[in-house]
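Below is one structure, written out as structure tokens, with a few remarks after it.
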Amino acid sequence: MDSSVVFNIVTTAIAVVAVVTSIVFSARQARIAKHANHISVLVDLLREFRSAEFHEQHDYVCTSLGAEHDPADGVRGLPAEAKAAFCSVVYYYQSFANLAVFGLLDQTLLVTVLRTRIVSVWKAVRPFVERERVLRGEGSEGTYLSTFEELARLAADLPPEHVRNQMAEARRRRRGLMG
């Protein structure tokens, strides 16, 4: 075989390896960037979660809203203080749901972290939301807070042991990296 043919084969092989390596590293970098975006969004939204006022409103929505107010007038019929608690809590979770729908936040991560809270809030506000949809002329299957409703459905469908399984998987990965 001619030395120029060997040289061409070797340089072509090196070029192919360089292209493949570049593609692999680019895909990895894109994955890392996506996760970095998820982390910053999640941290920003969880800042609100650390406030005592938010937790007071959350508790009110989950335990007192339905007991103190009839959903017959929908969300619009709530008195100012109850409506403020409703909006603060429900639209907080709606923000997460919207980010998940548009792929800016991993919905499995979100549902794993906030599962029980999402389910309990939806259970408490569902009659008010469904009535509000009717009052808006959307019917009970309308779009008002539909992304939050879908997030709550996903959260309810996630088995309770999912969080424990995720933690066990993270431990296995760390052990694999160290060992």
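Just so it is clear, none of the values below were taken in a lab; they were calculated from the coordinates. Not measured: the values here are computed from a predicted model. Quick reminder, even Gly has a Cβ in these numbers, built from the backbone with ideal geometry, and neighbours come from all protein chains shown.
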Taking placed amide H atoms and a strict 5 Å upper bound, the residues 5 or more places from Ser64 or on another chain that come that close are none
Pseudo-spin-label distance Glu81 to Glu141, built 7 Å along Cα→Cβ, given in nm, is 3.9
Full extension between Phe102 and Val17 adds, at 0.36 nm per residue less the Cα distance, a length in nm of 27.1 nm
Taking Cα atoms, the helix 80-101 axis meets the longest principal axis of the chain at an angle in degrees (rounded to 10) of 20
Whole-Hz Karplus couplings 3J(HN,Hα) for segment 115-128, θ = phi - 60° and coefficients 6.51, -1.76, 1.60, Gly and Pro as x, run 3, 5, 5, 4, 5, 5, 5, 4, 4, 6, 9, 3, x, 5
In order over segment 56-65: 3J(HN,Hα) from phi, Karplus 6.51/-1.76/1.60, θ = phi - 60°, whole Hz, x for each Gly or Pro, gives 5, 5, 4, 4, 4, 4, 6, 10, 10, 3
proj_area_mean for the chain (convex hull on C-alpha atoms), units nm², value 16.6
Quick calc, segment 73-179, dipole around Cα centre from Cβ unit charges on Lys, Arg (+) and Asp, Glu (-), nearest 20 debye, gives 620
Expressed in nanometres to one decimal, the distance between label points 7 Å along Cα→Cβ at Arg28 and Arg174 is 2.2
With +1 at each Lys and Arg Cβ and -1 at each Asp and Glu Cβ, the charge dipole magnitude of the chain around its Cα centre, to the nearest 20 debye, comes out at 860
